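The values are calculated or read from the model by the stated rules, or taken from the named source; none is laboratory data. Given the structure is predicted, the values throughout are model-derived calculations rather than measurements. Cβ coordinates were reconstructed from backbone atoms using ideal geometry, including for glycine residues, and neighbour counts include every protein chain displayed. Protein only, heavy atoms only, side chains kept; ligands, DNA and RNA dropped before computing areas. Shrake-Rupley method; radii C 1.70, N 1.55, O 1.52, S 1.80 Å.
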Amino acid sequence: MRGDTDRVAAAALPTPAVGELLSRAERAVGMVEVQSLVAHVRDLPGLSDLRICRGTSSAGAPEGGYVTSQPVGTPEWRLELRARCDEVATYRTLRPVLDGIADAAGRALRLPCRAVVEEITAVPPLYHVITRNARALIVVVDPLRGWTPMSEAFSSLLGYDRGTPPSGTLLDLVHPDDRAAALDSYVVACAGEHPEGCVDLRLRTASGVWRRFEFATRSFVHEPGAGVVAYFGIDVSVQRAAENAADAERGRLDGLVETLRDGILLIDDEQRITVANDALRRLLRLDEPVPLNLDRSWIRLLAQLQPGFAGGAADVARLRDIVAARHAVVGEELTLEDGRILELDFVPLEADRSGRAGGVLVHVRDVTARVLVRRGLEESNRSLAEAAALNNQFVATVAHELRGPLSSVVAFAHLLGDAGSGSLSEDQRTYLDVIDRNANRLLRLIEDLLLLSRLEARTLQLRPAPVRLPELVRSAVVDRSPAAESAGLRLVADVVEGPELTCDETRIHQVLDNLLGNALKFTPPGGEVSVRALPVDDGWQLQVNDTGMGIPAAEVARVFSAFFRGSNIAAAAGRSAPPGTGLGLVVSRAIVELHGGTIQVASTEGVGTTVTVSLPSRPVRQTEVDREPATRGRG
């Protein structure tokens with residue numbers, strides 16, 4: 001069956017016809033004649049296609065027939081005569097003709113295409129005015145005679161005299177790397193067809209510099225009185241340089257985006273994904289890269305990912321709405337079905353120069369480990385807060401229950417010591433003094449515990465009012481002077497007048513009393529305790545200095561801990577530890593911080609201690625008392 005087909009195809013083209021075609025190929029002078037011969041042969045039986053085109057292909061038998069190609073001209077031209085035969089026998093019959101056409105095309109393209117000064121055809125004056133003054137570079141090529149520059153742009157853009165063009169061929173003006181593209185458009189035009197699109201060609205100027213033009217090629221080879229190929233070129237040197245720079249910059253940015261460990265997604269104002277790096281694909285566990293520049297690809301991606309979202313359709317709607325609203329959103333968490341947690345930042349981009357919205361940049365990172373740690377800490381903090389609240393409640397309850405009986409003990413001790421209750425022996429009065437002293441000590445401890453529990457529960461309300469701080473300091477010193485005198489200590493006040501301080505007078509007096517009490521307790525006889533008060537830029541500063549035993553350096557960091565007492569207290573001067581609740585500094589710091597101030601302790605063992613309190617002119621309104629974990633304090 002195959003042999004019968006071969007014989008029919010071969011019989012359709014007798015030997016004399018092959019000879020005639022070969023003769024036409026040998027006589028062909030210009031490229032127009034060659035293309036006319038190509039069109040004639042293409043209509044012969046057994047051929048489905050025949051054309052001169054760019055590219056390389058090897059002979060074979062793909063679906064649709066037998067394809068073969070013969071090179072045309074030099075390898076640099078990258079042209080070939082490509083034929084598609086229905087059968088191999090057809091190709092064998094036509095092989096001499098195809099070779100002849102390829103040789104004829106090569107000869108035609110090698111013809112010197114030199115400039116001709118005279119006009120190719122007689123044209124109206126208006127035509128000359130339009131073409132010569134056009135901003136475009138217009139060149140016409142007569143396949144047999146040569147080429148002629150038709151516009152003054154040939155001089156203004158390339159620097160040549162249009163009246164005396166360069167003596168070389170037109171192809172000599174084209175950059176070597178662009179000559180194949182120029183020949184391809186010329187070959188197509190010689191067939192009477194307008195080449196599709198435009199082609200970029202670099203032309204050498206009179207000064208030897210290459211300028212890039214975008215050429216549109218139009219064929220007039222079959223037009224009566226014309227017979228030319230026209231080239232219309234626009235100078236795009238600056239535009240292409242800018243495009244190349246933009247492409248290079250985009251290439252660098254793409255490379256940078258690909259090196260990031262976090263996912264990057266860029267969505268334009270039409271819901272198209274224009275940038276998506278490989279890290280995003282890995283984070284989303286996608287098998288294939290995210291498709292770019294497809295219509296509504298962001299919406300399609302969300303639909304594809306929905307089964308993997310823990311929140312399903314609700315998560316899809318949330319992410320879709322954030323992008324549509326074009327609002328900046330930072331730290332949006334997305335929980336996946338596999339347990340991972342992604343954090344997304346949405347950054348709307350500025351509009352471009354035309355006013356078109358710039359889209360939204362999405363930054364995606366895996367924060368599973370961080371979120372799990374945070375949630376664990378939050379749970380621990382809740383547990384600690386609950387435990388602290390229970391502890392405060394317990395302390396407040398116990399203290400409240402103890403205060404009543406102790407108050408009764410103190411009251412009845414006073415009654416027993418009253419002269420109206422009868423005479424007491426010396427021992428009995430001594431016993432009553434011990435009862436009264438220790439009961440009052442317990443009452444002070446209970447009062448401090450109750451106050452501390454209120455501070456920690458943040459239920460203590462300040463009653464701020466304008467206060468003359470120097471007077472408050474003098475009052476506190478006067479209150480402590482008898483105790484200082486009986487202990488053999490010198491107590492002095494050094495105050496500077498200044499503006500009024502808005503504070504809770506009772507609480508600040510309590511702080512001063514606690515600090516003075518500590519200083520007097522831990523300073524040996526003959527020592528000195530001084531109080532300084534001076535206004536500063538944003539408030540007042542108080543300092544209580546003593547020449548007492550000081551605090552060991554290793555223990556200074558613990559002075560604000562509840563019930564803390566220095567290890568050197570009991571051993572100092574060979575005496576028992578001075579009485580105290582161990583809560584004075586803890587309560588003082590809470591009161592100072594409730595006013596928006598700070599309290600600091602500096603101490604040197606064997607030299608003395610300085611406590612500095614800084615208070616703002618007005619207390620800072622706080623919803624909570626922010627305190628570091630209690631780590632310092634003397635009671």
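The set of residues from the range 481-503 being under 60 Å from the mean Cα position of the chain (by Cα) and open to solvent by 10 Å² or more (accessible area, probe 1.4 Å) comprises A493, D494, V495, V496, E497, G498, P499, E500, T502. Filter the range 223-260 for residues that are assigned to a loop (DSSP other than H, G, I, E, B) and in contact (Cβ under 8 Å) with a residue 60 or more places away in the chain; which is surrounded by the fewest Cβ atoms within 10 Å (Cβ to Cβ)? Among residues in the range 223-260 that are assigned to a loop (DSSP other than H, G, I, E, B) and in contact (Cβ under 8 Å) with a residue 60 or more places away in the chain, the one surrounded by the fewest Cβ atoms within 10 Å (Cβ to Cβ) is G225.
Residues that are open to solvent by less than 70 Å² (accessible area, probe 1.4 Å), touching a helix residue (DSSP H, G or I) at 6+ places or on another chain (Cβ under 9 Å) and part of a helix (DSSP H, G or I) within the range 318-330 comprise L319, V323, listed in sequence order.
Would it be correct to say that V117 is modelled with pLDDT under 85 and part of a helix (DSSP H, G or I)? Spelling it out, it is not the case that V117 is modelled with pLDDT under 85 and part of a helix (DSSP H, G or I). Taking the condition touching a Phe, Trp or Tyr at 6+ places or on another chain (Cβ under 9 Å), farther than 24 Å from R370 by Cα and open to solvent by 60 Å² or more (accessible area, probe 1.4 Å), does R296 pass? In short, no.
Restricting attention to the range 585-597, the residues that are farther than 22 Å from R468 by Cβ and either at pLDDT below 85 or not basic (K, R) (or both) total 5. Of the residues that make up the range 173-180, is at least one within 20 Å of G73 (Cα to Cα), of a type in the set (G, A, S) and at pLDDT 90 or above? Yes, the range 173-180 contains a residue that is within 20 Å of G73 (Cα to Cα), of a type in the set (G, A, S) and at pLDDT 90 or above. Filtered by the rule that a residue be part of a loop (DSSP other than H, G, I, E, B) and of a type in the set (A, V, I, L, M), the range 139-160 gives L144, M150. The set of residues from the range 522-532 being surrounded by 23 or more Cβ atoms within 10 Å (Cβ to Cβ) and either farther than 13 Å from S481 by Cα or under 52 Å from the mean Cα position of the chain (by Cα) (or both) comprises F522, T523.
Within the range 538-561, can you find the residues that are under 18 Å from D513 (Cα atoms), surrounded by fewer than 20 Cβ atoms within 10 Å (Cβ to Cβ) and of a type in the set (G, A, S)? Residues satisfying the conditions do not exist here. Scanning the range 161-180 for residues that are touching a strand residue (DSSP E or B) at 6+ places or on another chain (Cβ under 8 Å) and either in a loop (DSSP other than H, G, I, E, B) or open to solvent by less than 20 Å² (accessible area, probe 1.4 Å) (or both) returns R162, P165, P166, S167, G168, L173, V174, H175, D178, A180. Among the residues making up the range 606-635, those that are modelled with pLDDT of 90 or more and more than 42 Å from the chain's Cα centre (by Cα) are V607, G608, T609, T610, V611, T612, V613. Can you name the residue in the range 457-474 that is open to solvent by less than 80 Å² (accessible area, probe 1.4 Å) and within 20 Å of E447 (Cβ to Cβ) and, of all such residues, is modelled with the lowest pLDDT? Going through the qualifying residues, I end up with A457.
Residues that are in a strand (DSSP E or B) and open to solvent by 20 Å² or more (accessible area, probe 1.4 Å) were ranked within the range 204-215; the one that is farthest from L173 (Cα to Cα) is E214. With respect to (1) closer than 21 Å to G608 by Cα; (2) surrounded by fewer than 16 Cβ atoms within 10 Å (Cβ to Cβ); (3) of a type in the set (G, A, S), the lone exception for A519 is condition (2).
Scanning the range 24-63 for residues that are at pLDDT 90 or above and of a type in the set (S, T, Y) yields one hit, S36.
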